[in-house]
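J.: Let me give you the structure first, and then I'll get to my questions.
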Amino acid sequence: MVSKLTEKPLASWRGKDRYEGRILDTLTVIFRSGGCSWNRCRMCGYRHERYPDLPRDELAERLIRQVRWVKENFRDEDYQVLKIFTSGSFFDPDEVPPAVRRAVAEAFRGKAVIAETRPEYVDADAVREFREGIDSGDWDKPLHVAVGLETTNDLIRERSIDKGFSYADFLRAAEAAHAAGAGMKAYLLMKPPFLTEREARDDMIRSIRDVAPVADSISMNLCTVQSRTEVEHLWKQHAYRPPYLWSVLDVLISSPVHILCDPVGGGQMRGPHNCGACDGPIVKGIADYSLSGDVGLLRALAETECGCKEEWEFVLDGEEPFCMPLTR
Amino acid sequence: MSRYEAQKRDGLARIGTYEYEEASVSLPAALDTDALFPTLRERALSNVPLAIDPAFVQNYFSPGEGQPVAVHPLAASAESGDCVMVANWHTAEKNPRNYAGWLAALKEKLPPDTAWYAPAAALPSTACLLVYSGFDLFDYRGVDLASAQKKFCLSEGEFPASMMETGVCGCEGCREGDLARHNRLALDREIALVRHYVEAGRLRELMEARCRTDAAQVGILRFLDRNYAFMERSLPVARAVPMRANTAESQNRAEVRRFADRVIERFVPTRTDVAVLLPCSARKPYSLSRSHRLFVNTVNRRAHELIVTSPLGLVPRELERVYPAGHYDVPVTGYWDREECAFIADILTRYFAAHPYRRVIAHLEGGALTVAEMAAEACGIDLEVTCKGHPTAPGSLHALDAALEGERRMQTDTIRGTVSWQFATDINTKGLQLRGRSMQMAVLRGKQQLFSIDAGTGLFRPTFEGWDLIPEGYRVRIDSFVPQGDVLAPGITACDPRIREGDEVLVEGPLAIATGRATMGADEMLRSKRGVAIRVRKVKKLGE
């Protein structure tokens, strides 16, 4: 009786998110899938979390069991927004068989869903079918397709991430998503490897300006050092440092639109950090801003004094591609 | 126009001049490199870490526009005269094994007559290591960062800024309470000191002292020493200054191993089949000491005298004036540690395997005797011990005299021993005489001088007639010109790869031959386009 066996997602948690101007309860689920078809990004820690090669039926079966587990472990009324990650592409039929998508739509009908995918799988028909499946009429846009654009700079995306698609691919995907009645969410990545602190900050400021008119929402991830990744190797060799929280504040303050930003790993050596003394309030402040949109809070934090600010200012100005990272 | 020329070397370290556009700077030095190279900061998105995979280097590495030329261990290419910038070298120090490996890869691929820039790497605590590693040009990024971090920089390391008030430094910056000024001055001062040690040919000793406060630096020193072939190539064959062997790392100096290897592989001992092993003396050369005068008188030419010593291992009497035998100094406590014993016993073992004797007499006590016993056991020699208490005690000397009773007398052949050690050739010394006293010695045949002896280094300096005795080796081929004064590197077409800085060489060209001394090693002679390669002593035009 295989089908009775439980199958848990890789991770799932409840939280709050700012969604279309309101603070809503969110359920985030990371499904274990067939694995990302690209699977090359330098900082991706999910490369090892895939199912081994399974026949498509069995893969579908296992994924559906994960859906069932979510339904059994979280009450419908506890959340309004569902964020789906697969550590790859939700709309890649090889990774997530279409039958699974239909099961997800049926299980979570009525929720506002955000599903992550690479742009090449944003097919208007598939997106429309899924949107119609979940749409109960309660939401203006019940589906947002989320794409890990990371940056609008193709050179950085290729060099620093090895992402394998271009900004033009993203723009085409956005068009397809919009045509299918879905929203478009862009994930940006602050400070992938091989960037100076200044290059990393400027890359985010520019990317946000570029993508703001195209994306319905923007979420900025701060690069962290995850186990068994290329970034971890570089970090161990003193060749990589996650961004300063001061730089993150800089980016968020200068953004013309609200940016979602969950400072995961904030204040730790492997995550975005300052000196250790001033990190706590800034990490909390960024998380609060992400919900409230209160830029004033960020400005106040950026004004606070700490001994490490002078170091950060020096690094911002003095770190160059040929002498980096200057600090740990 | 970008040019670099080294004027003085000490291993990988150099003192030289770098010229770029209008600027001419003497290196090593810390400079405002953003001003020296106005386009330096226009290298956006060009980071390639040292520890990255070859594919990334191939796809994304760029040397940049103009000067300096960025290099990477996997993509090292530059022209003579360039300033090469080893990007991100400040991160290398964290991994001693990689540091040594990358450095060797870079030095072997790049022309020697290039100035080496290590961006953001120099601190008062790292400058010595960087210069020792062959870097010449530095910036103030590292110390300015330390200032921004409220760190007080000394050669011993980085300390909280509050240390400035404790009076450890009395510089202008400290007097004015200006941390940034102190940190820059501390770096300048350290580089000036390092430079002094390079000038003096004693940087190794400063390096052995400086590395003590940082395990990574000790590690780097050891990893570099392990790459003997790489380090030995750039070391002078001899120096005229003391070698202070005061640390555990001293015995790893390439000069120590080179001396021992030559004693085992090149040296031709005086013809005798009795060896007597003697203890060393603090006074150098040994024969000037009271104890050795007693030994020499007692042995009375009836045995080949071999001095057992740390860290050199074994110094035959013939070589006692040659560097570093006549120059080293060690702390003497009477205790020989196991590492030392094993190292020296190994040298003795190899020596006795290469040069067998009928009798080996050990006129030794303590650690030196232990070492001799270890070696005797390893090569199956019956050691005769003649010490009864202290080696100079009457009883000991009497026993030594008695042991040599009836052995044939013969003259110590210093000429054959030194020439074989220095030129790897065996010469017939019949009719040759060593004349003169310590500071003014020469080898003559009748009235004709064949060699003079450098009182500073103990090396032989052949005249043209002296070179006639040395059939091959230590030759430098030059183009069709008659050397006037010095021979420059670009004039050299070929040379013996065994030539090291300080070696006596015979210059041979279609138009002239000349005697002289190498001021750079063979590797640099062949790969450089600039610099004095040979200081010529005598020139003889051919066909006259």
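Any read-out appearing in this document is the output of simple, stated calculations on the displayed coordinates, not a laboratory observation. These numbers come from a predicted model, not from an experiment. Reconstructed Cβ throughout: ideal geometry from the backbone, glycine too, with neighbour counts over all protein chains shown.
J.: Check the straight Cα-Cα distances from A:Lys309 and name the lysines below 17 Å, setting aside those fewer than 8 residues away within the same chain.
T.: Partners within reach: B:Lys150, B:Lys151.
J.: Check cross-link reach from B:Lys540 to the aspartates and glutamates: straight Cα distance under 20 Å, and skip same-chain residues fewer than eight apart.
T.: B:Glu465, B:Asp468, B:Glu472, B:Asp479, B:Asp486, B:Asp503, B:Glu504, B:Glu508
J.: Using a Förster distance of 30 Å, how high is the FRET efficiency between B:Glu79 and B:Ala180, based on the Cβ-Cβ distance and rounded to 0.05?
T.: Once the sixth-power term is evaluated, E becomes 0.25.
J.: Something else: What residue among A:Ala186, A:Ala239, A:Ala168 shows peak mean-square fluctuation when chain A is described by a Gaussian network model with Cα springs under 10 Å?
T.: A:Ala168
J.: Now for a separate question. Enter the angle in degrees (range 0 to 90, nearest 10) between the Cα long axis of helix A:124-134 and the first principal axis of the Cα atoms of chain A, meaning the one along which they spread out most.
T.: For A:124-134 against chain A, the angle is about 70 degrees.
J.: Applying 1/(1 + (r/R0)^6) with R0 = 56 Å to the Cβ-Cβ distance of B:Glu21 and B:Ala353, what FRET efficiency is obtained, to the nearest 0.05?
T.: After rounding to 0.05, the efficiency reads 0.40.
J.: Expressed as an acute angle from 0 to 90° and rounded to the nearest 10, what is the orientation of the C-alpha long axis of helix A:308-318 relative to the principal long axis of chain A?
T.: 90 degrees
J.: On a full-extension model of 0.36 nm per residue, what is the gain between B:Leu511 and B:Glu108, subtracting their alpha-carbon distance, rounded to one decimal in nm?
T.: 141.8 nm
J.: Then there's this: What nm value, rounded to one decimal, do you get for the distance between A:Arg102 and B:Ala229 when each label is placed 7 Å out toward the C-beta?
T.: Computed distance between label sites A:Arg102 and B:Ala229 equals 6.8 nm.
J.: Would you kindly enumerate the cysteines in chain A that have no other Cys beta-carbon under 4.7 Å from their beta-carbon?
T.: If one checks each Cβ against the other cysteines of chain A, A:Cys36, A:Cys223, A:Cys261, A:Cys323 turn up with nothing under 4.7 Å.
J.: Let me ask another. Could you run the Karplus curve 6.51 cos²θ - 1.76 cosθ + 1.60 with θ = phi - 60° over the stretch B:52-60 and give me ³J(HN,Hα) per residue in whole Hz, x for Gly and Pro?
T.: Coupling constants for the stretch B:52-60: 10, 6, x, 4, 5, 4, 4, 6, 10 Hz.
J.: I would also like to ask the following. List the residues, sorted by chain then number, that are 5 or more residues from B:His304 or on another chain and whose placed amide H is less than 5 Å from its amide H.
T.: It is B:Val274, B:Ala275, B:Val276, by chain and number.
J.: Here's a follow-up. Skipping prolines and chain starts, which residues have an amide H placed within reach, meaning under 5 Å, of the one on A:Ala146, given they are 5 or more residues away or on another chain?
T.: A:Ala115, A:Glu116, A:Thr117, A:Lys185
J.: Round to the nearest 10 and give me the degree value, 0 to 90, for the angle of helix A:167-179's Cα axis relative to the longest principal axis of chain A.
T.: 40 degrees
J.: Moving on to the next point. Pick out, in residue order, every one of the trypsin sites (Lys or Arg not before Pro) in the stretch B:298-396 that is DSSP loop and has at most 15 other C-beta atoms within 10 Å; say none if there are none.
T.: Sparse-neighbourhood loop trypsin sites (Lys or Arg not before Pro): B:Arg358, B:Lys388.
J.: Which length gain, in nm to one decimal place, applies between B:Gln411 and B:Val168 when the Cα-Cα distance is subtracted from 0.36 nm times their residue separation? Don't skip to the end; give the middle numbers.
T.: On the way: separation 243, 0.36 × 243 = 87.48 nm, distance 5.87 nm.
Full extension of this stretch gives 81.6 nm more.
J.: Work out from phi, with θ = phi - 60° and the Karplus expression 6.51 cos²θ - 1.76 cosθ + 1.60, the ³J(HN,Hα) of each residue of the stretch B:441-454, listed in order in whole Hz, and give x for Gly and Pro.
T.: Ordered by residue, 3J(HN,Hα) equals 10, 8, 10, 10, 10, x, 9, 8, 7, 9, 9, 9, 10, 6 Hz.
J.: Please go through the stretch B:175-217 and write out the GluC sites (Glu not before Pro) that DSSP classes as loop and that have at most 16 other C-beta atoms within 10 Å.
T.: Listed in order of number, the matching sites are B:Glu176.
J.: Check B:Phe451: other-chain or 5+ apart residues with amide H under 5 Å from its amide H, H built from backbone geometry?
T.: Those qualifying (amide H under 5 Å, at least 5 residues apart or on another chain) are B:Val443, B:Thr463.
J.: Can I ask one more? Counting only complete DSSP H runs, which helices of chain B cover 18 Å or more along their long axis at the Cα atoms and score a mean Kyte-Doolittle of -1.0 or above?
T.: Those that clear 18 Å and a mean of -1.0 are B:96-109, B:179-200, B:338-354, B:366-379.
J.: If you keep only loop residues by DSSP, which chymotrypsin sites (Phe, Trp or Tyr not before Pro) in the stretch B:66-122 have at most 11 other Cβ atoms within 10 Å of their Cβ? All intermediate terms of the calculation are to be shown ahead of the outcome.
T.: On the way: sites: B:Trp89, B:Tyr99, B:Trp102, B:Trp116, B:Tyr117; in loops: none.
Of the chymotrypsin sites (Phe, Trp or Tyr not before Pro), not one in the loops of the stretch B:66-122 has a Cβ with at most 11 other Cβ atoms within 10 Å.
J.: Straight distance only, please: which lysines reach the Cα of A:Lys185 with their own Cα at less than 30 Å, same-chain residues fewer than 8 apart left out?
T.: By straight Cα distance, A:Lys185 reaches A:Lys8, A:Lys16, A:Lys71, A:Lys83, A:Lys111, A:Lys141, A:Lys163, A:Lys284.
J.: Mind checking the mean number of beta-carbon atoms from other chains within 10 Å of the Cβ atoms in A:157-163?
T.: On the way: counts 0, 2, 7, 3, 0, 1, 0.
Mean shielding by partner chains, rounded to a whole number: 2.
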